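Chemist: Quick one: the structure is below, and I'll ask about it shortly.
The values are calculated or read from the model by the stated rules, or taken from the named source; none is laboratory data. Keep in mind that this is a model prediction, so the values were computed, not measured. No Cβ is skipped: glycine too gets one built from the backbone with ideal geometry, and neighbour counts run over all protein chains shown.
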Amino acid sequence: MTTVPSIQIRTEIPGPRSSALVARRAAALSSGAAYLTELGVASASGAVVTDLDGNQLLDFAGGIGVLAAGHCPPTVVDALRDQAGDLLHMCAIVASYEPMVELAEALNAVTPGDFAKKSLLMNSGAEAVESAVKIARAATGRAGVLVFEGGYHGRTNMTMSMTSKYGLFKKGFGPFASEIYRIPFPNVLRRPPGTDPEQFVGWSIERLHDALVSQVDPSALAAIVIEPVQGEGGFLPAPTPYLEAIRRICDEHGIVLVADEVQAGFGRTGTMFSIEHSGVVPDLVVMAKSMGSGMPISAVTGRADLLDAPHPGGMGGTYSGNPLACVAALETIRLINTPEFLERATAVGARLRLGLEAIASRYDEVAEVRGLGPMLAIELVKDAELTPDPDLTLAITKATLARGLITIRAGLYSNCVRFLPPLSITDDQIDEALAVVAEAFAEATGDPR
Ligand SMILES: Cc1ncc(COP(=O)(O)O)c(C=O)c1O
């Protein structure tokens, strides 16, 4: 049986209607909030986006990791329609309502750890990370926060200060929040020449202990905040022994271990949360993005004693736990937290990885295909010394877009192509996307191999 391709190109991309909308956008909206493509979008379903010119594209940006359950999952849309007729907003500071309480109960059940848990609902990933820091500070009476090079935690003052990649995210925006300490992330690809990965991880753990002498005393640290798989940093999984070492340090010194699962959580790596691959249990999990299938909602879930540490009234906000966002998150959890969905997510990752590795094997420019499960990226370099190649990376993303596949970059040096397909994607759609990636490599390198 032949299937109709998902990608249908009718005009050049961007087409005239997309270009007209983007011109209005440029005139009306702040250029500080930039855009990565010139697409104007009309609608989307599953893995397919329809633009204003009638082109159909496959979406491997997934709203930057928001669409694990796909565009407009029908059960989420139905729940939103039903809820919209009953209650749009109440404000959780004023009164309580069922979807908010039910969502917190669900999050307390699905996050790692068999201890008593509570949740705090917020609107964005940055707000949730910042809330986790406030909770850790209130609980420990300490101020210090340890973070990692390459980490991304958001654009509010606190989370921007915790974020790496100065030129893109921080330039001109200081002064930054104080009491933030940053150490290298154990990036196995870029380990010193001559070391093997295991040695390097051991060496990195030693450097972590050194930092607790040279930079900050553990008794001054409220929290260690880590992405178990760095997202903006280029889909770098933290090695399990490293996460275990952090857990031991936190236990020994009463430091709160915060897993920032904003990009890697909710099925993105084939498990509900990416830290589950390591078996390490964090004290607090921060989540957002795919949690709400596109509705703005985020959460901090973890040890009940920590969540109850801040004084009443110190946390939350006007829209925190908005009823529409809550029903979207509840339906998304019902979709994702099933063995079938997570098994399929793992199968999507395996198929995608195989195809990307086949392409990578033909190009010396690929330093690595990496990630966990279906959270995959390709890192591109100029030479054997691994000099990053952001221009080739950009050229590849442009070439995939021109052929109807939306991809975006990641990495401290913007030299990774990241693949964040909706996990509801079909095998045919994955194969279609891989064919486009192969053509894009041929065009961008000028070398069809
Ligand atoms: C790991 C991580 N933390 C926090 C954030 C910030 O989330 P938001 O953009 O919703 O504020 C992001 C966003 O990309 C992220 O990837």
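Chemist: Whether any residue in the range 282-298 is away from the ligand (no atom under 16 Å from the Cβ) and either over 16 Å from Ala68 (Cβ atoms) or touching a Phe, Trp or Tyr at 6+ places or on another chain (Cβ under 9 Å) (or both) is what I want to check.
Modeler: yes
Chemist: Inspect all residues belonging to the range 213-226 and state whether any of them is at pLDDT 95 or above, within 25 Å of Ser414 (Cα to Cα) and in the same structural domain as Phe266 (by TED's automatic domain parsing).
Modeler: yes
Chemist: Are any of the residues in the range 150-167 surrounded by fewer than 20 Cβ atoms within 10 Å (Cβ to Cβ) and without any contact (Cβ under 8 Å) to a residue 12 or more places away in the chain?
Modeler: Checked the range 150-167: at least one residue is surrounded by fewer than 20 Cβ atoms within 10 Å (Cβ to Cβ) and without any contact (Cβ under 8 Å) to a residue 12 or more places away in the chain.
Chemist: Within the range 257-372, which strands (runs of 3 or more DSSP E) (wholly inside it) include 1 or more residues that are over 29 Å from Val188 (Cβ atoms)?
Modeler: 298-303
Residue-wise test of (1) more than 16 Å from the ligand (Cβ to nearest atom); (2) hydrophobic (A, V, I, L, M, F, W, C); (3) surrounded by fewer than 20 Cβ atoms within 10 Å (Cβ to Cβ).
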| residue | (1), (2), (3) |
| --- | --- |
| Glu244 | yes, no, yes |
| Val256 | yes, yes, no |
| Ala264 | no, yes, no |
| Thr269 | no, no, no |
| Pro323 | yes, no, no |
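Chemist: Separate question: Is it the case that Val188 is more than 16 Å from the ligand (Cβ to nearest atom), touching a Pro at 6+ places or on another chain (Cβ under 7 Å) and of a type in the set (A, V, I, L, M)?
Modeler: Against the criterion (more than 16 Å from the ligand (Cβ to nearest atom), touching a Pro at 6+ places or on another chain (Cβ under 7 Å) and of a type in the set (A, V, I, L, M)), Val188 qualifies.
Chemist: Which pairs turn up if I take residues in the range 180-192 that are under 18 Å from Glu368 (Cβ atoms) and look for partners that are part of a strand (DSSP E or B) with beta carbon separation below 7 Å, at least 6 apart in sequence or on another chain?
Modeler: Listed by first residue and then by second, the contacts come to Phe185/Phe148; Phe185/Gln230; Phe185/Leu236; Asn187/Leu236; Leu189/Ala367; Leu189/Glu368; Leu189/Glu379.
Chemist: Given the criterion closer than 30 Å to Leu335 by Cβ, of a type outside the set (S, T, N, Q) and surrounded by fewer than 17 Cβ atoms within 10 Å (Cβ to Cβ), identify the matching residue among Asp428, Asp383.
Modeler: Asp428
Chemist: Which count do you get for residues in the range 127-140 that are in contact with a helix residue (DSSP H, G or I) (Cβ under 7 Å, 6 or more places away or on another chain), within 15 Å of the ligand (Cβ to nearest atom) and touching a residue at least 40 places away in the same chain (Cβ under 8 Å)?
Modeler: 2
Chemist: Something else: Collect the residues in the range 213-241 that are among the hydroxyl-bearing types (Ser, Thr, Tyr) and either within 17 Å of His277 (Cβ to Cβ) or crowded, with 24+ Cβ neighbours inside 10 Å (or both), keeping them in residue-number order.
Modeler: Thr240
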